[in-house]
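Participant: Provided herewith is a single structure, encoded as structure tokens, for subsequent inquiry.
The values are calculated or read from the model by the stated rules, or taken from the named source; none is laboratory data. What you see is a predicted model, and the numbers here were worked out from it, not measured in a lab. Don't worry about glycine lacking a Cβ; one is built from the backbone with ideal geometry, like all the others, and counts go over all protein chains shown. These accessible areas exclude ligands, DNA and RNA; they are computed on the full protein's heavy atoms, side chains included. Shrake-Rupley method; radii C 1.70, N 1.55, O 1.52, S 1.80 Å.
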Amino acid sequence: MYKSLFSVGGITLLSRGAGFLRDVLLGAILGAGLLNDAFVVAQRLPNHFRAIFGEGAWNAAFVPTYSHVLHSEGLQGARRFSGQIFVGLLVLQLALLALALAFTPALIDLLAFGYRAYPEKFALTVALTRITFPYLLLMTLVTLQSGALNAHGLFTAAAFTSVIMNVVMIGFLAVAFLFPNAAAAASWGLTVSGVLQLALTTFAAWRAGILERFAWPEMTPNVRRFLTTLGPAVIGSAGVQIALFTDTIIASMLPTGGPSSIYYADRIYQLPLGVIGIAAGTVLLPRMSRFLAAGDPGGALHAQNRTMALSLALTAPFFVAFIMIPEFIMRGIFVRGAFTLDAADASAAVLSAYGFGIIAIVLLRSAVASFQAVGDTRTPMLISLTAVAFNVGLKLFLFKPFGAPGLASATAFGAWINLVLLASFAIRRGSMKPDVILWKTATCVSIASCALAFFALLSANPVERLAARFGHFNYLMELLLLGSGGALVYGVVMVAGLRIAGVELRPSARAAAKSAEPPYGG
């Protein structure tokens with residue numbers, strides 16, 4: 001499991017590195033004004049729908065059902081099942097795309113009605129959304145094939161799709177002079193990348209011999225089981241996205257530049273979430289489903305505890321950095337070209353607020369696996385909706401006095417409510433049992449985080465004075481010095497603490513032997 005987790009995490013890190021470069025280019029070329037505000041909404045709409053109907057809900061319903069079919073009916077039955085779902089999904093997505101293209105202005109009115117006060121921004125957002133919305137169809141199909149690949153223990157191709165997206169967008173930004181504006185270039189890059197991502201997963205599935213066998217959907221027991229779990233999963237996945245939709249709607253009422261400050265802070269905030277949280281969830285859900293299908297709940301709990309311990313240890317430094325030195329992060333990464341110091345400070349305030357929720361959001365992917373692995377999508381749905389109710393209410397309360405940072409604070413608060421409720425229900429059911437290693441790891445993480453925060457507090461001013469000697473590179477040097485020094489402090493304290501506590505996060509011999517077994521005898 002650890003090999004798979006680090007493989008997915010490594011590729012995701014490569015993707016985030018490319019995404020980092022893409023966002024730096026976006027900041028330098030588009031800045032934090034009208035062009036980027038329009039692009040933010042245009043690319044968010046298909047990605048919101050993808051997150052609702054695609055990644056989260058799809059994996060929650062598809063992976064356990066596919067694993068069940070693979071175990072009970074063999075590979076050909078699984079291919080036939082995935083082919084039925086593929087065809088049905090394609091038809092539905094084509095219908096959704098046609099509606100979205102026909103009624104794009106109404107869609108923008110619904111989800112970013114504040115843009116109506118800025119006619120030029122509204123018109124540009126409509127034009128860009130019509131370019132980007134086909135990305136939803138393409139990525140939903142990619143998600144289906146990725147789920148099948150993951151169920152067979154093949155994670156590389158699916159994880160590499162996001163690398164393609166970022167590299168293609170960088171390429172389109174490099175030739176932005178060929179387009180009406182840089183925002184249009186970025187939008188076309190997003191959609192073209194979807195075509196290439198689908199080509200990659202299709203080739204990977206064909207090469208592995210698991211490509212779906214196309215068939216018109218029939219209400220078989222397997223399809224019925226899938227649809228039964230998909231409905232609650234969609235609602236559950238919609239919970240987080242409703243909160244993000246609320247961010248988009250309320251942020252559209254901010255002055256020009258407000259949506260961009262949220263976007264750039266979110267891009268930095270998504271780095272640990274993507275590298276650690278999504279990688280852990282991607283690997284853990286199929287692994288727990290496999291252990292449970294094989295009648296080994298102990299193996300599933302062991303895998304979950306080790307994944308949560310590792311996720312916690314890797315996420316804590318980002319939590320401290322986002323709260324203690326957000327302005328150094330945003331200045332060092334983005335201040336160049338059209339991106340100003342004022343824009344960096346505005347994004348830093350949002351990043352600090354987001355930071356309070358980063359640990360909860362990363363651990364959510366592991367916690368929800370307790371339910372998804374046994375096909376229970378209803379409980380996470382109800383919990384998610386409860387958290388969203390608090391989240392949206394708090395956004396409306398904090399928006400006027402605090403602006404964009406208030407929206408981010410509400411997101412963080414909602415994530416903690418979601419995690420606490422999920423963990424409470426899972427522990428009560430016995431589907432989550434934190435062990436001694438997890439508690440010892442959490443203690444070591446707390447001590448190392450305090451040391452890191454103390455380092456950041458004492459070194460910020462001296463580092464700022466030292467970096468001033470580097471002229472135009474001073475902001476970058478501030479970030480490099482604080483980042484490298486902080487990583488050293490956290491790493492030394494963390495490793496020492498784990499050794500003193502006698503903790504090894506490497507898999508045990510039992511877990512390693514289980515991981516070496518081919519899935520379902522395949």
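Participant: Give the stretch 195-211 a look and list any residue that's of a type in the set (Val, Ile, Thr) and not in a helix (DSSP H, G or I), or say none.
Facilitator: The answer is Ile210, and nothing else.
Participant: Examine the stretch 355-362 for a residue that is farther than 30 Å from Gly31 by Cα, part of a helix (DSSP H, G or I) and touching a residue at least 40 places away in the same chain (Cβ under 8 Å), and state whether such a residue exists.
Facilitator: Within the stretch 355-362, one or more residues are farther than 30 Å from Gly31 by Cα, part of a helix (DSSP H, G or I) and touching a residue at least 40 places away in the same chain (Cβ under 8 Å).
Participant: From the list Ala98, Ala42, which one is at pLDDT 85 or above, open to solvent by 50 Å² or more (accessible area, probe 1.4 Å), assigned to a helix (DSSP H, G or I) and small (Gly, Ala, Ser)?
Facilitator: Ala98
Participant: Quick one: in the stretch 150-180, which of the residues that are in a helix (DSSP H, G or I) and among the β-branched types (Val, Ile, Thr) is farthest from Ala123 (Cα to Cα)?
Facilitator: Thr156
Participant: Same structure, new question: Take Leu110 and tell me if it is surrounded by fewer than 19 Cβ atoms within 10 Å (Cβ to Cβ) and at pLDDT below 90.
Facilitator: For Leu110, the condition - surrounded by fewer than 19 Cβ atoms within 10 Å (Cβ to Cβ) and at pLDDT below 90 - is met.
Participant: Right, next: Would you confirm, using the coordinates I've provided, whether Arg429 is farther than 24 Å from Glu327 by Cα and without any contact (Cβ under 8 Å) to a residue 60 or more places away in the chain?
Facilitator: yes
Residue-wise test of (1) of a type in the set (Ser, Thr, Tyr); (2) modelled with pLDDT of 90 or more; (3) open to solvent by less than 40 Å² (accessible area, probe 1.4 Å).
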site: Ser484; (1), (2), (3): yes, yes, no
site: Ala496; (1), (2), (3): no, yes, no
site: Arg499; (1), (2), (3): no, yes, no
site: Pro507; (1), (2), (3): no, no, no
site: Arg510; (1), (2), (3): no, no, no
site: Ala513; (1), (2), (3): no, no, no
site: Pro519; (1), (2), (3): no, no, yes
site: Gly522; (1), (2), (3): no, no, no
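Participant: Right, another one. When you check Val374 against the structure, is it outside any helix (DSSP H, G or I) and open to solvent by 40 Å² or more (accessible area, probe 1.4 Å), yes or no?
Facilitator: The answer is yes for Val374.
Participant: If you go through the stretch 72-91 one residue at a time, how many are under 26 Å from the mean Cα position of the chain (by Cα), among the aliphatic types (A, V, I, L, M) and at pLDDT 85 or above?
Facilitator: 1
Residue by residue, here is whether (1) in contact with a Lys or Arg (Cβ under 8 Å, 6 or more places away or on another chain); (2) farther than 30 Å from Pro297 by Cα; (3) buried (at least 19 other Cβ atoms within 10 Å of the Cβ) holds:
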position: Met381; (1), (2), (3): no, no, yes
position: Ala387; (1), (2), (3): no, no, yes
position: Leu394; (1), (2), (3): no, yes, yes
position: Phe399; (1), (2), (3): no, yes, yes
position: Phe402; (1), (2), (3): no, yes, no
position: Gly406; (1), (2), (3): yes, yes, yes
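Participant: Could you identify the single residue in Pro105, Pro134, Pro119 that is surrounded by 13 or more Cβ atoms within 10 Å (Cβ to Cβ) and farther than 17 Å from Gly189 by Cα?
Facilitator: Pro105
Participant: Could you list, in sequence order, all residues of the stretch 116-136 that are assigned to a helix (DSSP H, G or I), at pLDDT 90 or above and of a type in the set (A, V, I, L, M, F, W, C)?
Facilitator: If the condition is that a residue be assigned to a helix (DSSP H, G or I), at pLDDT 90 or above and of a type in the set (A, V, I, L, M, F, W, C), then Phe122, Ala123, Leu124, Val126, Ala127, Leu128, Ile131 are the ones that fit.
Participant: Sticking with this one: Is it the case, given these coordinates, that Ala183 is assigned to a helix (DSSP H, G or I) and not polar (S, T, N, Q)?
Facilitator: yes
Participant: If I filter the stretch 321-351 down to residues being surrounded by fewer than 24 Cβ atoms within 10 Å (Cβ to Cβ) and touching a Phe, Trp or Tyr at 6+ places or on another chain (Cβ under 6 Å), which single residue comes out as modelled with the lowest pLDDT?
Facilitator: This residue is Val335.
Participant: Out of curiosity, is Leu144 more than 26 Å from Ala32 (Cα to Cα), part of a helix (DSSP H, G or I) and at pLDDT below 90?
Facilitator: Yes, satisfied.
Participant: Please find, within the stretch 425-435, the residue that is least open to solvent (accessible area, probe 1.4 Å) out of those that are farther than 13 Å from Leu382 by Cβ and part of a helix (DSSP H, G or I).
Facilitator: Filtering first and then ranking leaves Ala426.
Participant: Please tell me if Phe454 is among the aromatic types (Phe, Trp, Tyr), at pLDDT 90 or above and open to solvent by 50 Å² or more (accessible area, probe 1.4 Å).
Facilitator: yes
Participant: Name the residues in the stretch 262-291 that are open to solvent by 10 Å² or more (accessible area, probe 1.4 Å), touching a Gly at 6+ places or on another chain (Cβ under 9 Å) and modelled with pLDDT of 65 or more, would you?
Facilitator: Within the stretch 262-291, Arg267, Gln270, Leu271, Val275, Ile276, Arg287, Arg290, Phe291 meet the criteria.
Participant: Identify the residue in the stretch 467-482 that is in contact with a helix residue (DSSP H, G or I) (Cβ under 6 Å, 6 or more places away or on another chain) and aromatic (Phe, Trp, Tyr) and, among all such residues, is modelled with the highest pLDDT.
Facilitator: Result: Tyr475.
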